[in-house]
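The values are calculated or read from the model by the stated rules, or taken from the named source; none is laboratory data. No experiment lies behind these values; they were computed from the predicted model shown. Reconstructed Cβ throughout: ideal geometry from the backbone, glycine too, with neighbour counts over all protein chains shown. Surface accessibility is based on the protein's heavy atoms, side chains included, excluding ligands, DNA and RNA. Shrake-Rupley method; radii C 1.70, N 1.55, O 1.52, S 1.80 Å.
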Amino acid sequence: MKEIVNFAIIGLGSISTTHIAALKEIDEANLVAVYDRTIEKAKKVAAMENVKGYSDIDLLLKNEDIDAVIILTASGLHADLGIKAAQAKKHVIVEKPIDINVNKARDLIEHCKRNNVKLSCIFQHRFDSDILNLKKAIDENKLGKLNSGCCHTKWFRPQEYYNEVAWRGSRELGGGALINQGIHQLDLFQYLMGDVEEVYGYAETLAHVDIDAEDVAMAVLKFKNGAIGVLEANVCAYPGFNTRIDISGNDGTVILENNTVKQWKLRNGEEYAGSETVFPHKIQLQDIVSAIKENREPAVNGEEALKSLILVDAIYKSSTTGKPIKVNYNT
């Protein structure tokens, strides 16, 4: 068993600092290389972290010291770069979402399997302690039969946010409020409530200019277990608010804000005090390192990550057609 897993980071945008910090706190992980298409940025970060810097992706992937890559580029490039990494026999980790195209995401999953490398996608809030305890309570039927839920991402992004980086406002590269900001909560909502049968959604650009991606999305969800849900992904809610998920069953309701339990009201009288989880990126990356070392699937593997993209795709299709869309997880 390999004692240390050597990582490279591909894409040095703002989220890269979080991943670098997380890797430093994991004893079995080691950052050995970074890549950015801007050579000056690659050299600067490489010097700061005392690692190799690249602006040539093919050259980086030829480095035999690298065991795994963390892809932090624009979402629409995740599958393409992940497939190149898998073909180079590198384990693949991508930031959310797994990609913006369902078929390309499926190709990435297949290439990773074919090349016998692990694949994971960063949905770090699945590792928050309150999320895990609520999931356990739902699975143990403590809330009874689920009947309804609401999921809100009610944030604010100024026009300058979109002006800084072109892909953020691009529908083609996954810069919309639903697939970029709202997907974390959407993933948790589906993870907790179960698979979705049908959606009816709207996705519109209402407050920003010179972008073709939505800045507000709303959808009604019918879950396979019979429950009904409402989903909001909004970056126009000045000045910005907490995320919130409400889940109700016949025997109780739980309300989360920023993925921390604020209300835990069960018919059986059970009490629960919520607590914020510190550095969930580290927790997920530790799981990925352990999965590589133990030759097992990561907790959030390709198939799990694909579920949220399939749901996003269905909401977009509903918004475009003006019709409800059946959610098909299998094709």
* Asked: If you check His111, His125, His184, His152, which single one turns out to be over 18 Å from Asn259 (Cβ atoms) and not basic (Lys, Arg)?
  -> His111
* Structure fact -> Gly269 meets each of (1) touching a His at 6+ places or on another chain (Cβ under 7 Å); (2) in a loop (DSSP other than H, G, I, E, B) with one exception, condition (1)
* **Test: residue in region 194-210 that is in contact with a helix residue (DSSP H, G or I) (Cβ under 9 Å, 6 or more places away or on another chain) and under 19 Å from Asn250 (Cβ atoms)** => yes
* Structure fact -> Going through (1) over 22 Å from Gln190 (Cβ atoms); (2) open to solvent by 10 Å² or more (accessible area, probe 1.4 Å); (3) of a type outside the set (Lys, Arg) one by one, Asn141 fails only at (1)
* In the set Ile93, Ile109, Ile71, which member is surrounded by 20 or more Cβ atoms within 10 Å (Cβ to Cβ), over 20 Å from Val289 (Cβ atoms) and under 16 Å from the mean Cα position of the chain (by Cα)? -> Ile109
* Only one residue in Asp58, Asp27 is in a loop (DSSP other than H, G, I, E, B), open to solvent by 20 Å² or more (accessible area, probe 1.4 Å) and over 28 Å from Ala177 (Cα atoms). Which one? -> Asp27
* Asked: Which residue, of Ala42, Ala22, is in a helix (DSSP H, G or I), under 22 Å from Gly302 (Cα atoms) and either aromatic (Phe, Trp, Tyr) or in contact (Cβ under 8 Å) with a residue 24 or more places away in the chain (or both)?
  -> Ala22
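Of the residues that sit in region 198-242 and are in a strand (DSSP E or B) and in contact with an Asp or Glu (Cβ under 7 Å, 6 or more places away or on another chain), which one is nearest to Glu164 (Cα to Cα)?
Here the residue is Cys236.
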* To do: Answer with yes or no whether Leu12 is under 18 Å from the mean Cα position of the chain (by Cα), in contact (Cβ under 8 Å) with a residue 40 or more places away in the chain and open to solvent by 60 Å² or more (accessible area, probe 1.4 Å).
  => no
* Structure fact -> Checking Lys293, Lys317 in turn, the sole residue that is surrounded by fewer than 18 Cβ atoms within 10 Å (Cβ to Cβ), assigned to a helix (DSSP H, G or I) and in contact (Cβ under 8 Å) with a residue 12 or more places away in the chain turns out to be Lys293
* In region 258-286, what residues are surrounded by fewer than 16 Cβ atoms within 10 Å (Cβ to Cβ) and hydrophobic (A, V, I, L, M, F, W, C)? -> Ala273, Val278, Phe279
* Subset of region 166-193 [open to solvent by less than 10 Å² (accessible area, probe 1.4 Å) and not in a helix (DSSP H, G or I)] -> Gly174, Gly175, Gly176, Gly182
* Only one residue in Lys293, Lys224, Lys307, Lys282 is of a type in the set (Lys, Arg) and farther than 23 Å from Gln124 by Cα. Which one? -> Lys224
* Read through the list (1) touching a Gly at 6+ places or on another chain (Cβ under 9 Å); (2) open to solvent by less than 10 Å² (accessible area, probe 1.4 Å); (3) under 16 Å from Gly11 (Cα atoms); (4) assigned to a helix (DSSP H, G or I), then give the number of the only condition that Leu81 fails. => (2)
* Filter result (within 13 Å of Glu276 (Cβ to Cβ) and surrounded by fewer than 16 Cβ atoms within 10 Å (Cβ to Cβ)) within region 229-257 -> Asn242
